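Structure record follows, encoded as structure tokens.
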Amino acid sequence: MNTNSPKTHTVDEAKRKLEYYCSYQERCHYEVTEKLKSLNMIPQVIDAITVHLIENNFLNEERFAVSFARGKHNIKKWGKIRIVNELKYRQISKYNIERALKEIMPEEYTKSFHDLAESQWDSISERNIQKKKKKFCDYLLRKGYESNLIYEKLNDLAKD
């Protein structure tokens, strides 16, 4: 018997597997499609299972986008640019991206940005001020914050 051949799943097995996959964490259509491809499902079956997951509320792209944005901002302290880019990578619609960003309250966003920026500034031990400024900006840009916010904050912190 050839043990290198990929394991095949029946449609019902794949459906159950994906129901579980979607029930323990919010998923987007892209992740579900990739998972089904990894189970060697044919396109018609992928479509049928995706429809089943949507109809039974295991899969909801708006709910995914909102949860993703809220979680990445609150836990990982990501800025809006990074969140948008990550959602676009997951092929989330413009409508759902905009809906997700509305979940992040402006005061909350500003406060977490300032807290993160100040702690980052204090944690950089670089003596050369130019290098310190560059490290500071690079870090916050990677986190996905807007450059105008970063440079305003940099001017604020660098003059102390």
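Taken together, Glu13, Glu98 contain a single residue that is acidic (Asp, Glu) and under 30 Å from Ser147 (Cα atoms), which is Glu98. Restricting attention to the stretch 106-160, the residues that are within 16 Å of Gly79 (Cα to Cα) and either touching an Asp or Glu at 6+ places or on another chain (Cβ under 6 Å) or not in a helix (DSSP H, G or I) (or both) add up to 3.
For the stretch 20-61, a residue qualifies if it is acidic (Asp, Glu), assigned to a helix (DSSP H, G or I) and under 21 Å from the mean Cα position of the chain (by Cα), and the qualifying residues are Glu31, Glu34, Glu61.
Do we find a residue being over 30 Å from Asp156 (Cα atoms), surrounded by 12 or more Cβ atoms within 10 Å (Cβ to Cβ) and either assigned by TED's automatic domain parsing to the domain that holds Tyr145 or of a type in the set (Val, Ile, Thr) (or both) anywhere in the stretch 74-96? Looking for residues that are over 30 Å from Asp156 (Cα atoms), surrounded by 12 or more Cβ atoms within 10 Å (Cβ to Cβ) and either assigned by TED's automatic domain parsing to the domain that holds Tyr145 or of a type in the set (Val, Ile, Thr) (or both), one finds at least one in the stretch 74-96, hence yes. Based on this model, can you work out whether Arg82 counts as in a helix (DSSP H, G or I) and touching a residue at least 40 places away in the same chain (Cβ under 8 Å)? For Arg82, the condition - in a helix (DSSP H, G or I) and touching a residue at least 40 places away in the same chain (Cβ under 8 Å) - is met.
For the list (1) surrounded by 18 or more Cβ atoms within 10 Å (Cβ to Cβ); (2) closer than 25 Å to Ser147 by Cα; (3) not assigned by TED's automatic domain parsing to the domain that holds Ile150, I need the number of the one condition that Gly71 fails. Evaluating Gly71 over (1) surrounded by 18 or more Cβ atoms within 10 Å (Cβ to Cβ); (2) closer than 25 Å to Ser147 by Cα; (3) not assigned by TED's automatic domain parsing to the domain that holds Ile150 leaves (1) as the failure. Scanning the stretch 1-32 for residues that are basic (Lys, Arg) and at pLDDT 85 or above gives Lys15, Arg16, Lys17, Arg27.
The values are calculated or read from the model by the stated rules, or taken from the named source; none is laboratory data. Remember, it's a predicted structure, so these values are computed and weren't measured experimentally. Note that each Cβ is placed from the backbone with ideal geometry, even for glycine, and that neighbours are counted across all protein chains shown.
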